[in-house]
Amino acid sequence: MLILSLTCNLWLYFGIMRYEPRVYHEFDLVNTSLGLAARAPWRSDDAALRSVAIYLPQTARLSEPVRYLGWGLPASGIYGDAPLPNAGPALIMLPATASADEQARALAALGPDGRALGATAYYPGSNDAITLAFGRGTAAERLVAMIRTGGR
């Protein structure tokens with residue numbers, strides 16, 4: 001009976017549900033993606049990647065997924081309207097739903113070396129972006145590449 005139950009659950013969760021997009025929309029994918037990005041430098045042994053300052057919107061910083069994923073890590077910066085410190089590589093993460101004005105402010109906050117680095121995560125089974133990255137420095141670009149591959 002136990003084997004039958006296990007088989008049914010495995011089939012349900014890994015056979016049927018992985019193809020059902022409604023399952024994925026039950027989770028806070030935006031803030032989970034932002035939290036994983038904030039954690040990314042600390043998953044690397046590369047000192048250059050660990051030096052990237054990650055900035056998140058205030059609303060994300062207060063979310064449960066970001067607080068959980070950031071537990072025990074140095075605090076990520078809070079992205080606002082003020083320019084960021086000019087020293088070192090930096091990454092601003094925004095939800096993909098951020099307006100063009102918000103995206104322009106993120107680039108401006110990074111200074112003249114800031115670049116739009118594109119989407120870092122997509123909704124399962126689609127080409128719809130979850131989060132966008134804006135960065136300064138080659139270490140930030142390398143970190144975004146690592147985030148896109150899930151830390152590999």
If the chain between residue 48 and residue 6 were fully extended at 0.36 nm per residue, the gain over the current Cα-Cα distance would be 10.7 nm
Measuring from the longest principal axis of the C-alpha atoms of the chain, the long axis of helix 29-39 (C-alpha) lies at a number of degrees, nearest 10, equal to 60 degrees
Between the Cα axis of helix 138-148 and the main Cα principal axis of the chain, the angle (0 to 90°, nearest 10) is 10 degrees
Around residue 116 (Cβ within 13 Å, Cβ-to-Cβ, excluding residue 116; K/R +1, D/E -1) the net charge comes to 0
Rounded to the nearest 500, the 222 nm mean residue ellipticity computed for the chain from DSSP H runs (n ≥ 4, each -39500 (n - 2.57)) alone is -10000 deg cm²/dmol
In the chain the DSSP beta bridges are antiparallel at a rate, in percent to nearest 5, of 65 percent
Fewest to most Cβ atoms within 10 Å: 1, 146 sort as 1, 146
With the 8 Å Cα cutoff and a minimum separation of six or more residues, the chain has a relative contact order in percent of 24 percent
So residue 115 and residue 28, fully extended at 0.36 nm per residue minus their Cα-Cα distance, gain in nm 28.7 nm
Measuring from the longest principal axis of the C-alpha atoms of the chain, the long axis of helix 100-110 (C-alpha) lies at a number of degrees, nearest 10, equal to 60 degrees
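Every read-out reported here was derived from the displayed coordinates using simple, explicitly stated rules and does not represent laboratory data. Nothing here was measured: the structure is a model prediction, and the numbers come from that model. Please note: Cβ atoms are built from the backbone with ideal geometry, for glycine as well, and neighbour counts cover all protein chains shown.
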